[in-house]
Amino acid sequence: MYKLYSLLLLFILSGVSCSGDKATLDTGASLKYCEQQVNRSLPLLKESFKMPRNILSDESSGNWNCTSIYDWTSGFWPGILWYLYEYDHDENIKKEAERFTAALYPVVDRKADNHDLGFMMYCSLGNGYRQTGNEEYKKVLLRAADSLATLYDLRVGTIHSWPGMREKMGWPHNTIIDNMLNLELLFWAAKNGGGEQLYKIANRHAEVTMENQFRNDFSTCHVVVYDTITGNRIKQVTHQGYADSSMWARGQGWAIYGFTMCYRETRNPAFLETARKAADLYLSRLPEDMIPYWDFDAPGLPEEPRDASAAAVVASGLLEMSLYMQDEVDAEKYKSAAVKILASLSSPAYQSREHNQAFLLHSTGHKPNNSEIDASIIYADYYYIEALIRLDKINKTGAI
């Protein structure tokens, strides 16, 4: 009874109401909270080439630890600013978004050495171009897409995610499930002057990943290692999950989001069915508050760290997925699940509030490496505000 009362109290305090199995969320209140947190952060972020990455749980200042523009997370902060500008049309926020976005231009002057250009450039410049039509953003995005495409191996049919692992781990060619989200940059570029080959690369990458990255129950492995001569899969392994056979929460989230996006771009029903089956498994294994442990098979449950970043990714993906369901019951199922996840993330248990300048607490970066455990992490905030924006649009217009 006490547990139920506590959960209800959290919902009441965060503007969430429940009716039967349905939950509703005041997206305006949650987005206003995001605006307040951003305005707390901006006065301390003077240098455009330093991007917020995390706030660790044992730090008393509550301020962002920043990273360089070449870190894989560098595009999320400008992306957050663009989403906030999309919602509130604050010209000061737009100026800050432009300042941090322009700082990323040098990224495309380097030879691509990993798959993260989509995260870095599309989450930032992509959101900026969508709202402003800035031709400079378009030029840089097309260069980024061409650079990402250089990592594609025709024999395997996927982008080489971590070329450095060839020497470090003896993996001839590896593809990680995270890479699914970087395909959006290629799909966008193919429609905006980059050429049909970029579409073909993205589509084939998704097909090969669909065939090789999943287990029989539609849980995903983090990494697939391929033979570069035959193109065949050598093995499924993990890098950030608990074990090679376990279901790493954020990896399952990347799969749900990524294959939903690929369905949008290709209308291949197999991609949507893959996303749906991955989502059904994920939802069936969630704890009561809808926020996963960092790995669903970690040995210390229920004392293992949570991962709010995985929850935010999934909430955003489910909202889009709900729009593609032919059956209204299915559409409501995935939208309702997303709202419940966002309601939990918007509660005092997961919002950072007075603790620090981020939006969310309790994300897990790389548990096996003992890195960013129970921390506030920038990509959790990015997918949280994206999901809120998507829900707000769906409620107002029925689309995203």
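The set of residues from the stretch 379-398 being out of contact with any helix residue (DSSP H, G or I) (no Cβ under 8 Å at 6 or more places or on another chain) and buried (at least 24 other Cβ atoms within 10 Å of the Cβ) is empty. In this entry, LYS32 is excluded by the filter for residues that are part of a helix (DSSP H, G or I), under 22 Å from THR132 (Cα atoms) and modelled with pLDDT of 95 or more. Might you check whether a residue that is modelled with pLDDT of 95 or more, of a type outside the set (Phe, Trp, Tyr) and under 29 Å from ASP289 (Cα atoms) occurs anywhere in the stretch 83-94? Yes, because at least one residue in the stretch 83-94 is modelled with pLDDT of 95 or more, of a type outside the set (Phe, Trp, Tyr) and under 29 Å from ASP289 (Cα atoms).
I'd like to know if the stretch 364-372 contains one or more residues that are touching a helix residue (DSSP H, G or I) at 6+ places or on another chain (Cβ under 6 Å), small (Gly, Ala, Ser) and buried (at least 22 other Cβ atoms within 10 Å of the Cβ). No: the stretch 364-372 contains no residue that is touching a helix residue (DSSP H, G or I) at 6+ places or on another chain (Cβ under 6 Å), small (Gly, Ala, Ser) and buried (at least 22 other Cβ atoms within 10 Å of the Cβ). Taken over the stretch 208-218, the criterion of being part of a loop (DSSP other than H, G, I, E, B) and crowded, with 22+ Cβ neighbours inside 10 Å is satisfied by GLN213 alone. Could you list all residues from the stretch 294-340 that are over 28 Å from THR73 (Cα atoms) and of a type in the set (Val, Ile, Thr)? Once the filter is applied, which keeps residues that are over 28 Å from THR73 (Cα atoms) and of a type in the set (Val, Ile, Thr), the stretch 294-340 yields only VAL329.
Do we find a residue being aliphatic (A, V, I, L, M), out of contact with any Asp or Glu (no Cβ under 6 Å at 6 or more places or on another chain), over 18 Å from THR266 (Cβ atoms) and surrounded by 23 or more Cβ atoms within 10 Å (Cβ to Cβ) anywhere in the stretch 191-201?
no
Here HIS205 fulfils each of the conditions (1) touching a Lys or Arg at 6+ places or on another chain (Cβ under 9 Å); (2) crowded, with 21+ Cβ neighbours inside 10 Å; (3) assigned to a helix (DSSP H, G or I) apart from (1).
Here's the yes/no breakdown for (1) assigned to a strand (DSSP E or B); (2) charged (D, E, K, R); (3) in contact with a Leu (Cβ under 6 Å, 6 or more places away or on another chain):
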| residue | (1), (2), (3) |
| --- | --- |
| LYS138 | no, yes, no |
| ARG143 | no, yes, no |
| GLU167 | no, yes, no |
| ASN174 | yes, no, no |
| ASN182 | no, no, no |
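Looking across the stretch 323-343 at every residue that is touching a residue at least 60 places away in the same chain (Cβ under 8 Å) and under 17 Å from GLY253 (Cβ atoms), the one that is nearest to the chain's Cα centre (by Cα) is identified as LEU342. In the stretch 388-396, the count of residues that are in contact with a His (Cβ under 8 Å, 6 or more places away or on another chain), over 20 Å from LEU45 (Cβ atoms) and either modelled with pLDDT under 95 or assigned to a helix (DSSP H, G or I) (or both) is zero. Filtering the stretch 37-61 to residues that are modelled with pLDDT under 95 and either surrounded by 17 or more Cβ atoms within 10 Å (Cβ to Cβ) or under 18 Å from TYR350 (Cα atoms) (or both) leaves SER57, ASP58, GLU59, SER60. Against the conditions (1) part of a loop (DSSP other than H, G, I, E, B); (2) of a type in the set (A, V, I, L, M); (3) touching a strand residue (DSSP E or B) at 6+ places or on another chain (Cβ under 6 Å); (4) closer than 30 Å to LYS191 by Cβ, ILE291 satisfies every one except (4). Just name the residue that is farthest from the chain's Cα centre (by Cα) out of those in the stretch 62-86 that are buried (at least 20 other Cβ atoms within 10 Å of the Cβ) and among the hydroxyl-bearing types (Ser, Thr, Tyr). Among residues in the stretch 62-86 that are buried (at least 20 other Cβ atoms within 10 Å of the Cβ) and among the hydroxyl-bearing types (Ser, Thr, Tyr), the one farthest from the chain's Cα centre (by Cα) is TYR85. Candidates are the residues of the stretch 259-275 that are closer than 12 Å to PHE218 by Cα and surrounded by 21 or more Cβ atoms within 10 Å (Cβ to Cβ); the one that is farthest from the chain's Cα centre (by Cα) is THR274.
From the list SER336, SER376, SER344, the one residue that fits, being in a helix (DSSP H, G or I) and buried (at least 18 other Cβ atoms within 10 Å of the Cβ), is SER344.
For first residues located in the stretch 376-400 and hydroxyl-bearing (Ser, Thr, Tyr), partners that are assigned to a loop (DSSP other than H, G, I, E, B) and at pLDDT 95 or above and lie 6+ apart or on another chain with Cβ distances below 7 Å form the pairs SER376/SER352; SER376/ASN356; SER376/ALA358; SER376/LEU361; TYR379/THR73; TYR384/PHE359. Contact map, the stretch 297-316: first residue closer than 23 Å to TYR384 by Cβ, second residue of a type in the set (Lys, Arg) and surrounded by fewer than 24 Cβ atoms within 10 Å (Cβ to Cβ), Cβ cut-off under 7 Å, separation 6 or more or different chains; pairs are PRO305/LYS367.
The values are calculated or read from the model by the stated rules, or taken from the named source; none is laboratory data. As the structure is a computational prediction, the values presented were derived from the model and not from experiment. Heads up, the Cβs are rebuilt from the backbone with ideal geometry, glycines too, and the neighbour counts pull from every protein chain shown.
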